[in-house]
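The values are calculated or read from the model by the stated rules, or taken from the named source; none is laboratory data. Worth saying up front: this structure is predicted, and the values here are computed from it rather than measured. Backbone-built Cβ (ideal geometry, glycine too); neighbour counts: all protein chains shown.
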Amino acid sequence: MFSAARGRGPLRYGILSAARGGTGRYDTRPVLRLKAEIMTRGSITIRNADPSDLDACFALFADALVYDAFSRGLLREKLWPDRWPPEMRGGALVAEEQGRIVGCMQHVVRASQRKAWIGLFAVASSHRRRGVARELFEHIRHLWPAETEEVEVLAIPGNYFSPGVDPRYTPALAWLEAKGFERFKDCVNMRASLARAFATVDDEARIRAAGVAVRRARPADGTLLDAFFAEHFGSDWRYEASLALEVDPPALHLAIEGDRVIAFAAHSTQNREWGFFGPMGTTPACRGRGVGRVLLCRCLNDLRAAGHASAVIPWVGPVSFYTRAVGAVVERVFWRFRRRGAIR
């Protein structure tokens, strides 16, 4: 038997259409509209999730994600963000039985790269091994463009809960492997204590003497930032820089030489309740001058002033840099998964 459920209508997500002068304009047209009628097996129906489902989804994820602590507000940020990075769009589906949400899966796509992501997903313990995750994924596959060639898990640029799967969530690993996903890389999150403030005065004076100014970013820095990210780190980090500029005071620190940015560091662009640092980057020609450490310390001092006892440094590349610079330690390991080839 099959049952049909009418969706609650399209959700609205923002798509970055311009980011000039530090103020982006965002299109809020509906995206990823789900079919009005959705068929599935037995008593389980699949439909669009919307913000009115937040309490039920929070209960579902809080029960499933036992190694993570998070608020309803953070979950809402992941599933229903105010806007997305450039050219990205997304949503979430829920599986429902007799009015109870028993599964949820987030989905994101960037058609220009022929790439998609599965974000957060969970199934109630009472409904595992009943094909709920499979049904959610099958519906999501048919929302994505037929040209989609790669699907990654969790590592959604600009709005990720984690950069991969914590291997302690063993049922999730097993399900991904069964669906043809392959582990292709590992990454780590680090944690830095904020028990004391980090001194930067002497290093800033040294850098200033070499012709580099270090300061907090300003809304009027849009043109500088556009040029910097267009040349070095791309639109996703430009988007995160725009989020950092919206914090009061701006959660973005810059190193400027002459009339150009040579390095940046940001914090609080997402997952603010965790004391989230990043992204940060220095142009290749300017590395090794101590600029990155100064910017890092300025950001961590901001987080300390905001009341955080420690900072999360996610998706780390250079572990040795953060250990030397601020005594950060590896806290969690994540496995990254992807599936390549025709998605349908």
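Filtered by the rule that a residue be under 30 Å from Arg338 (Cα atoms) and free of Cβ contacts under 8 Å to residues at least 60 places away in the same chain, the stretch 174-210 gives Ala174, Trp175, Glu177, Ala178.
Among the residues that make up the stretch 123-143, is at least one of them assigned to a strand (DSSP E or B) and either modelled with pLDDT under 95 or out of contact with any Leu (no Cβ under 6 Å at 6 or more places or on another chain) (or both)?
Checked against the condition, which is being assigned to a strand (DSSP E or B) and either modelled with pLDDT under 95 or out of contact with any Leu (no Cβ under 6 Å at 6 or more places or on another chain) (or both), the stretch 123-143 yields at least one hit.
The residues of the stretch 194-218 that are over 18 Å from Asp259 (Cβ atoms) and assigned to a helix (DSSP H, G or I), listed by number, are Val201, Asp202, Asp203, Glu204, Ala205, Arg206, Ala209.
Identify all residues within the stretch 260-281 that are more than 16 Å from Gly211 (Cα to Cα) and either in a helix (DSSP H, G or I) or among the β-branched types (Val, Ile, Thr) (or both); write none if there are none. Answer for the stretch 260-281, where residues must be more than 16 Å from Gly211 (Cα to Cα) and either in a helix (DSSP H, G or I) or among the β-branched types (Val, Ile, Thr) (or both): Thr269, Arg272, Glu273, Trp274.
Here the condition is being touching a Gly at 6+ places or on another chain (Cβ under 8 Å), under 20 Å from Pro163 (Cβ atoms) and not assigned by TED's automatic domain parsing to the domain that holds Asn159; of Glu331, Glu273, it holds for Glu273 alone. Scanning the stretch 222-259 for residues that are aliphatic (A, V, I, L, M), in contact with a helix residue (DSSP H, G or I) (Cβ under 7 Å, 6 or more places away or on another chain) and assigned to a helix (DSSP H, G or I) gives Leu225, Ala241, Leu245.
For Leu75, the criteria (1) within 23 Å of Pro157 (Cα to Cα); (2) touching a strand residue (DSSP E or B) at 6+ places or on another chain (Cβ under 7 Å); (3) buried (at least 19 other Cβ atoms within 10 Å of the Cβ) hold in every case but one, which is (2). Taken over the stretch 307-344, the residue count meeting the criterion of being surrounded by 15 or more Cβ atoms within 10 Å (Cβ to Cβ), small (Gly, Ala, Ser) and not in a strand (DSSP E or B) is 2. Answer yes or no as to whether Glu240 is within 24 Å of Val319 (Cβ to Cβ) and modelled with pLDDT of 95 or more. Against the criterion (within 24 Å of Val319 (Cβ to Cβ) and modelled with pLDDT of 95 or more), Glu240 qualifies. Annotation note: of Ala251, Ala217, the sole residue that is of a type outside the set (S, T, N, Q) and either out of contact with any Ser or Thr (no Cβ under 7 Å at 6 or more places or on another chain) or surrounded by fewer than 20 Cβ atoms within 10 Å (Cβ to Cβ) (or both) is Ala217.
Hey, does the stretch 145-168 have a residue that's within 28 Å of Ser52 (Cβ to Cβ), under 13 Å from the mean Cα position of the chain (by Cα) and not in a loop (DSSP other than H, G, I, E, B)? Checking the stretch 145-168: at least one residue is within 28 Å of Ser52 (Cβ to Cβ), under 13 Å from the mean Cα position of the chain (by Cα) and not in a loop (DSSP other than H, G, I, E, B). If you filter the stretch 180-199 down to residues that are out of contact with any Lys or Arg (no Cβ under 7 Å at 6 or more places or on another chain) and hydrophobic (A, V, I, L, M, F, W, C), you find that the one that is nearest to Glu149 (Cα to Cα) is Met190.
Exactly one of these conditions fails for Trp144: (1) closer than 24 Å to Pro314 by Cα; (2) crowded, with 17+ Cβ neighbours inside 10 Å. Give me its number. Unmet for Trp144, out of (1) closer than 24 Å to Pro314 by Cα; (2) crowded, with 17+ Cβ neighbours inside 10 Å: (1).
Would you be able to say whether some residue in the stretch 261-282 is in contact with a Lys or Arg (Cβ under 9 Å, 6 or more places away or on another chain), charged (D, E, K, R) and farther than 30 Å from Lys179 by Cβ? Within the stretch 261-282, none of the residues are in contact with a Lys or Arg (Cβ under 9 Å, 6 or more places away or on another chain), charged (D, E, K, R) and farther than 30 Å from Lys179 by Cβ. Within the stretch 244-255, does at least one residue satisfy the condition of being within 15 Å of the chain's Cα centre (by Cα), closer than 30 Å to Ala342 by Cα and in contact (Cβ under 8 Å) with a residue 12 or more places away in the chain? For the stretch 244-255, residues within 15 Å of the chain's Cα centre (by Cα), closer than 30 Å to Ala342 by Cα and in contact (Cβ under 8 Å) with a residue 12 or more places away in the chain: absent.
Looking at the stretch 52-108 only, could you name the residues that are basic (Lys, Arg) and either over 15 Å from the mean Cα position of the chain (by Cα) or assigned to a loop (DSSP other than H, G, I, E, B) (or both)? Passing the criteria: Arg72, Arg83, Arg100.
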